[in-house]
Amino acid sequence: MAEYNLAVIAGDGVGPEVIAEGKKVLEAVAAGSPTITFKFNEYPWGSAYYRETGRMMPEDGLETLESCDAILFGAVGDPNIPDHITLHGLLLPMRRAFDQGVCIRPSYLFPGVTSPLANKKAGDIDLVIIRENTEGEYAPVGGRLYPGTPHETVIQTNIFTRRGTERIIRAAFEYCVRRNGNNNGKRKVTSVTKSNAQSFGMVFWDEVFVEVAAEYPQIETESLLVDRACMDFVRWPEDFDVVVASNLFADILSDIAAVVTGSLGLAASANINTEREHPSMFESVHGAAFDITGKGIANPLATISAVAMMLDHLGEPEASKSVDDAVSRCLIERKVITPDLGGQSSTSQVGDEVVRILGGG
């Protein structure tokens, strides 16, 4: 019997709504398995906690999380608290402290889901973005000089280390190798930079990409500038297989990929500590979604798909596949889907439907 010790941080906005459905699915997995159980440790951290304490999480928050097997995360953000407080006070510290350097963001056009792009059929779009997750443009390096004066000067520095850059690019190639059997014959890794403008960090990235690519001669490669990549994600998304990019560029591209595959409400994300020395974290891509918070219509399938990614990471591939299959069937049947996909069902009804399918319904 394997008992997994999970940290659950619902966070802000629609986070509590979708996390409730993710937990519901995990409980269904445990109920249907003689070998899997979960212990949920829930932490009320986020913007409400900040209003009470002046911190997004307690001083020993990272130490508290260190002993868990994985982290299930909802969302962070508040319309009345600046992002540099919310994001940098909760989510980014976890990614950095636990060295979750590899972020995996799949985008797939499911049967039953309509792309906003014309003439795209189920499976035509099937790509994975591998995002560098701990340095790059999100590194908190810089500062302000003479603030509030006519001479105010602001410096924001991108950080690219050989360790981090080589790790993320190698992770992209290894992911391409692993996924090839289900990938309709595509074997390609695309690197996205802006090296015509950023002649130090991005040129360095290009150089490391060439070095690592030489170890994988069986895989096709290409390098695109980020503006060209954005265009091609809309024009020819079916041409992409595995895409690797820096923290900022991959974040932007993953939103485009989510939209062209039907909805941000389907986009899951895994923040992986590749050495397994620290817990990895699993979340949806969509964020706090203030405009629909409290309405009970947030799509929980991204969080449920993140649960499937977590199960796979924990070494439970059969349970992971069962959750993925239940999500796919829910979308194919279209009996219970949220408004973002053209349905009228609530967040909890979609979670209940996935649980029903998992139970053999």
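The values are calculated or read from the model by the stated rules, or taken from the named source; none is laboratory data. Keep in mind it's a predicted model, so treat the numbers as computed, not measured. All Cβ positions, even for glycine, are placed from backbone atoms using ideal geometry, and neighbour counts span all protein chains on display.
Things worth noting here:
- Qualifying residue in segment 239-260 (condition: surrounded by fewer than 20 Cβ atoms within 10 Å (Cβ to Cβ), among the hydroxyl-bearing types (S, T, Y), in contact with a strand residue (DSSP E or B) (Cβ under 6 Å, 6 or more places away or on another chain) and under 30 Å from T64 (Cα atoms)): no
- Some residue of segment 286-299 being assigned to a helix (DSSP H, G or I), closer than 20 Å to L90 by Cα, in the same structural domain as L341 (by TED's automatic domain parsing) and of a type outside the set (S, T, Y): yes
- Residues of segment 316-336 that turn out to be assigned to a loop (DSSP other than H, G, I, E, B) and either in contact (Cβ under 8 Å) with a residue 24 or more places away in the chain or not assigned by TED's automatic domain parsing to the domain that holds K295 (or both), as a count: 2
- The residue that is surrounded by the most Cβ atoms within 10 Å (Cβ to Cβ), among those in segment 59-93 that are in contact with a strand residue (DSSP E or B) (Cβ under 8 Å, 6 or more places away or on another chain), β-branched (V, I, T) and within 17 Å of A48 (Cβ to Cβ), is V76.
- Among the residues of segment 5-30, those identified as out of contact with any helix residue (DSSP H, G or I) (no Cβ under 6 Å at 6 or more places or on another chain) and farther than 17 Å from K321 by Cβ are N5, L6, V8, I9, G11, V14, G15, P16, I19, A20, K23, E27.
- From the list M309, M281, the one residue that fits, being hydrophobic (A, V, I, L, M, F, W, C), under 11 Å from the mean Cα position of the chain (by Cα) and part of a helix (DSSP H, G or I), is M309.
- Being outside any loop (DSSP other than H, G, I, E, B), in the same structural domain as I357 (by TED's automatic domain parsing) and exposed (fewer than 14 other Cβ atoms within 10 Å of the Cβ) holds for only one residue in E17, E27, E52, and it is E52.
- Test: residue in segment 32-40 that is farther than 30 Å from S328 by Cβ and among the β-branched types (V, I, T): no
- All positions within segment 78-127 that are on the phi > 0 side of the Ramachandran plot and either within 16 Å of the chain's Cα centre (by Cα) or not small (G, A, S) (or both): D99, N119
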